[in-house]
Structure formats: structure tokens, C-alpha cells
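Asks: Shown below is the structure under consideration.
Any read-out appearing in this document is the output of simple, stated calculations on the displayed coordinates, not a laboratory observation. These figures come from a predicted structure and were not determined experimentally. Heads up, the Cβs are rebuilt from the backbone with ideal geometry, glycines too, and the neighbour counts pull from every protein chain shown.
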Amino acid sequence: MDVVRSIRDMKEISRRLRREGKVIGFVPTMGYLHEGHLSLIRESKRRCDVTVVSIFVNPTQFGPTEDYDRYPRDLERDMALSSSEGVDYLFVPEVAEMYPDGFCTYVEVTGDLTSTMCGRSRPTFFRGVTTVVTKLFNIVSPHLAFFGEKDFQQLQVVRRMVRDLNMDVEIIPVPTVRDKDGLALSSRNTYLSPDERRAATVLYKSLMAAKDMVESGERSAERIKGMIEEMIRSEPLARIDYIAVVDSESLRDVEEVGPGTLIALAVWIGEARLIDNIVLGR
């Protein structure tokens with residue numbers, strides 16, 4: 001595995017690989033890799049000739065009171081995991097190179113895709129995501145890019161950006177990876193104390209209870225949301241950010257659920273803001 005630290009070097013490698021006819025797979029991450037990230041890498045290895053993974057904690061997607069400074073980082077561990085999975089190139093740029101002095105150009109998707117759910121409580125988040133992903137796509141020039149479905153809203157925002165801007169990259173979704181008790185894997189799970197880790201399972205449990213309601217014939221989005229809210233509020237360590245029952249393509253609210261309905265949550269457990277979702281009919 002080659003570790004690439006400069007944008008110039010990464011672009012030259014990508015140009016050479018494309019000239020050689022190689023299919024480039026790309027997994028953008030913020031590091032502190034876990035099995036969810038590794039599932040993206042494995043899918044890229046399965047489908048592509050060359051796999052590039054980036055590790056970059058992107059400051060533009062964090063608000064001024066958010067956890068940028070304490071976001072977990074362990075580059076040596078990430079390098080070892082990436083190497084063990086057969087990653088070909090690990091791209092690790094510095095903030096000063098990605099955002100040099102005077103940087104003032106941003107990419108933004110507007111409308112329901114970014115104004116609802118996470119966009120409501122983190123109003124600058126998706127602008128930061130789409131800006132850094134655009135930069136990374138321009139640098140790495142991948143044929144395929146792999147994103148986890150745990151961050152479902154982010155996935156849909158990136159898909160729309162790629163479609164609207166005619167970017168020459170295919171976005172490949174990869175299913176959420178969970179612990180044995182159902183908790184979706186996240187780098188922010190490291191913030192949880194043992195009691196908070198136990199409490200965090202309420203997210204998945206409430207989603208499964210919602211799925212059971214639908215399979216028993218319930219179609220009212222409001223009743224489903226009400227059940228989820230009651231279940232989460234019964235956990236003393238949980239604080240709800242949002243509960244959304246929306247169309248999985250447009251992310252607009254629905255009154256009745258059906259195949260393709262997304263049920264998504266953001267819940268604070270202690271200092272960790274955790275998200276999770278299911279898509280009905282899968």
C-alpha cells in the first residue's frame with residue numbers, strides 16, 4: 001500500500017491508472033476505521049482494479065460548537081487496517097492543502113435533500129460534505145465511489161450532486177454494518193460510556209418496532225413516529241434530535257408508509273449524536 005500525502009501526487013497516480021485502463025474504486029472516510037468502513041473497502045476491492053481510500057477529517061462539515069477537535073483519530077491504526085484489507089493507495093492530505101489560505105469556493109445542494117433531517121440541526125454540514133467530496137473526486141478521479149447507507153441522507157445528497165453536475169463517477173451504496181445488538185457502527189460510538197452504549201441500542205430497537213408495526217398493517221406515518229418517540233423517550237439517557245418518516249428518494253415527509261419509505265433517526269446519547277435508519281420493503 002502506498003501512502004500519498006500530496007494532491008499533486010494523487011492526481012498524477014490517478015491519471016496514470018486511467019491511462020492504463022484501470023477501474024479506480026474510491027472510499028472517502030474521516031478515518032478511525034471500523035467494520036463499516038472495511039465493508040466499503042471490500043466492495044471496492046471486489047468490483048475495481050485499484051482501491052483508493054482517503055482519510056481526512058473535514059473541518060468544513062463541522063459547526064463551530066461540534067466535535068471537530070475531539071473527533072477520534074488514529075492514523076497508524078487506520079494504515080494497518082487499510083493495508084490488511086489490500087488497499088492500494090491511502091490518500092491522507094493535510095487541511096492546509098485541501099483548504100489553503102483564501103479558499104472561498106463551496107459546492108451546495110439545496111432544497112429538501114439538505115434542509116430536512118440532519119440539515120435542519122446541522123445547517124452547514126452538507127455544504128461541507130459536497131465541497132470536500134467534489135474536491136476528492138477531482139483529485140482521485142474514481143470510476144466508482146462507495147458510501148454507506150447508515151448516512152442515508154448524505155448518500156442521497158452526493159447522488160444528486162453527481163447527477164446535477166454530470167460527474168463521471170458512479171455512486172455505490174453499501175448496507176449498514178451493525179454490532180450483534182443492532183447498534184450501527186460509527187466512529188462516534190467511541191464517545192459512549194458502558195451505560196450509554198447500552199442505551200444506544202434503543203435506536204435500532206425502535207426502528208425494528210416500527211418495522212413490526214408496518215408488517216402488522218400500520219400505514220400512518222404519524223402513529224409510527226409517535227411509537228418511536230415514546231420508545232426513545234423511555235430511555236433516560238436518550239435525547240431526540242429528529243424522527244423522520246419520508247420518501248427515500250426525495251426525503252419529503254409522507255403521510256402513509258409503503259415500500260421505499262425511509263424511517264430515520266438522530267438521537268443524542270450523552271455527548272454522542274447517533275443516526276440510524278431503515279428503508280421499508282427491503
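Asks: If you take the alpha carbon radius of gyration of the range 210-282 and divide it by 2.2 N^0.38 Å, what ratio comes out, to two decimals? Intermediate results must be reported in sequence, preceding the final value.
Replies: Values: Rg = 12.2 Å, N = 73, 2.2 N^0.38 = 11.2 Å.
Its radius of gyration relative to the 2.2 N^0.38 Å reference: 1.09.
Asks: Moving to a separate point now. Have a look at the DSSP beta bridges in the chain and tell me what percent are antiparallel, nearest 5. Can you show the working numbers first?
Replies: Values: 20 of 39 bridges.
Looking only at bridges with both residues in the chain, the antiparallel portion is about 50 percent.
Asks: Okay, next question. Order these peptides, 113-125, 134-146, by their mean beta-carbon neighbour count within 10 angstrom, highest first. Don't skip to the answer; put the middle values down first.
Replies: Numbers: 113-125: 18.4, 134-146: 21.1.
Most protected by this proxy first, the peptides run 134-146, 113-125.
Asks: Compute the long axis of helix 7-19 from its Cα atoms, compare it with the longest principal axis of the Cα atoms of the chain, and write down the angle in degrees, 0 to 90, nearest 10.
Replies: That helix lies at roughly 80 degrees to the long axis.
Asks: Please turn the phi angles of the range 265-271 into ³J(HN,Hα) values with the Karplus equation 6.51 cos²θ - 1.76 cosθ + 1.60 (θ = phi - 60°), one per residue in order, whole Hz, x for glycine and proline.
Replies: Per residue, the Karplus-derived 3J(HN,Hα) values read 9, 9, 9, 7, 10, x, 8 Hz.
Asks: Continuing with this model, one more query. Identify, among Leu203, Leu251, Tyr106, the residue whose Cα sits farthest towards the positive end of the charge dipole of the chain, taking +1 on the Cβ of Lys and Arg and -1 on the Cβ of Asp and Glu, with the dipole about the Cα centre.
Replies: Toward the positive end, the furthest listed residue is Tyr106.
Asks: Anything over 21 Å Cα to Cα? Flag those among Lys22/Lys45; Lys45/Lys135; Lys205/Lys225; Lys11/Lys150, in the order listed.
Replies: Over 21 Å apart, Cα to Cα: Lys45/Lys135; Lys11/Lys150.
Asks: For the chain, find the longest principal axis of its Cα atoms and tell me its angle to the long axis of helix 221-233, 0 to 90°, nearest 10.
Replies: So the helix axis and the longest Cα principal axis differ by about 90 degrees.
Asks: Another question about this same structure. Here are several values of Rg and Dmax of the Cα atoms in Å: (i) 17.5, 53; (ii) 19.8, 68; (iii) 19.1, 58. Which one was derived from the coordinates shown?
Replies: (iii)
Asks: May I pose another question? What's the angle, to the nearest 10 degrees (0 to 90), between helix 202-215's Cα axis and the longest principal axis of the chain?
Replies: 70 degrees
Asks: Could you work out the relative contact order of the chain, using alpha carbon pairs under 8 angstrom and six or more residues apart, expressed as a whole percent?
Replies: So the answer I get is 18 percent.
Asks: If you don't mind, there's one more thing I want to ask. For Val3, enumerate residues with amide H under 5 Å from its amide H, sequence gap 5+ or separate chain, H modeled in the peptide plane.
Replies: Leu90
Asks: Further question: Would you calculate, for the chain, the mean residue ellipticity at 222 nm contributed by helices, counting each DSSP H stretch of 4 or more residues as -39,500 (n - 2.57) and dividing by all residues, to the nearest 500?
Replies: Helices in the chain give a 222 nm mean residue ellipticity of -11500 deg cm²/dmol.
Asks: How far apart, in nanometres, would the label points at Glu255 and Glu170 be if each is projected 7 angstrom from Cα along the Cα-to-Cβ direction?
Replies: With each label placed 7 Å out from Cα toward Cβ, I get 3.9 nm.
Asks: Test of understanding: what is the full-extension gain from Glu108 to Arg198, defined as 0.36 nm times their sequence separation minus their Cα-Cα distance? Don't jump to the answer; show the numbers that get you there.
Replies: Numbers: separation 90, 0.36 × 90 = 32.40 nm, distance 3.69 nm.
Gain on extension, Glu108 to Arg198, equals 28.7 nm.
Asks: Here's something else I'd like to know. Can you give me the orientation-averaged projected area of the convex hull built on the Cα atoms of the range 139-282, in nm²? Don't jump to the answer; show the numbers that get you there.
Replies: Numbers: hull surface 38.5 nm².
Here the figure is 9.6 nm², rounded to one decimal.
Asks: Which FRET efficiency value, to the nearest 0.05, do you get for Asp212 and Lys22 by plugging their Cβ-Cβ distance into 1/(1 + (r/R0)^6) with R0 = 41 Å?
Replies: The value I calculate is 0.35.
Asks: Right, another one. With r defined as the distance between the Cβ atoms of Trp268 and Arg15 and R0 fixed at 51 Å, what FRET efficiency is calculated, to the nearest 0.05?
Replies: Working: r = 44 Å, r/R0 = 0.87.
Efficiency, from the Cβ-Cβ distance: 0.70.
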